[in-house]
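What follows is a short report on a single structure.
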Amino acid sequence: MDNDKVIGILNNLVETCRDGQYGFKEAAENATGSDLKRFFSDASLERARFVGELQRQVQILGGDPEKSGSTAGAMHRTWINVKGTLTGKDDESILTEAERGEDSAMKAYEDALKQALPANCKTMVEAQYIEVKQAHDRVKRMRDARSATAGSN
């Protein structure tokens, strides 16, 4: 695969992970449950680590690593902030938005993995994808649990 194309794919994942980093940080600030605050904070740090790994790989390939998140991600983060303010920082709503963000991240990784990436890049992207999927599934479980609790009140 063309080096520039690989750099483009990796930089797209940098944007995706940066969006997740900022989104999870904002979710941690808006969440009321201490378990959620901790999880969102940890997830934000994990995405920051992914950004660093991806940026290093882009540099190794001779490219300029992406330094910011995407415009769509900025809009999503704004929505989380507005939603948190408007709903009195409702954890279930924040989890719903976090799941939407993770759906988007999983799709970005799945699209990247459909490409013929060099072996070292593919290994890194696969490992990150597994962690993104685990975070998605955990967000979904927490949201479902809160939804079931709210429904039984």
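Between THR149 and ARG56, the simple label model (points 7 Å from Cα in the Cβ direction) yields a spacing of 3.8 nm. In this simple spin-label model, placing a label point 7 Å from the Cα along the Cα-to-Cβ direction at both ASP64 and ARG138 gives a separation of 3.5 nm.
A crude spin-label estimate for the pair ASP42 and LYS114, with each label 7 Å from Cα along the Cβ direction, gives 3.2 nm. Apply 1/(1 + (r/R0)^6) to the Cβ-Cβ distance of ALA127 and MET1, taking R0 = 22 Å, and write down the FRET efficiency to the nearest 0.05. Efficiency, rounded to the nearest 0.05: 0.70.
Every read-out reported here was derived from the displayed coordinates using simple, explicitly stated rules and does not represent laboratory data. Because the structure is a prediction, the values reported are computed rather than measured. Glycine gets a Cβ as well: all are built from the backbone with ideal geometry, and neighbour counts include every protein chain shown.
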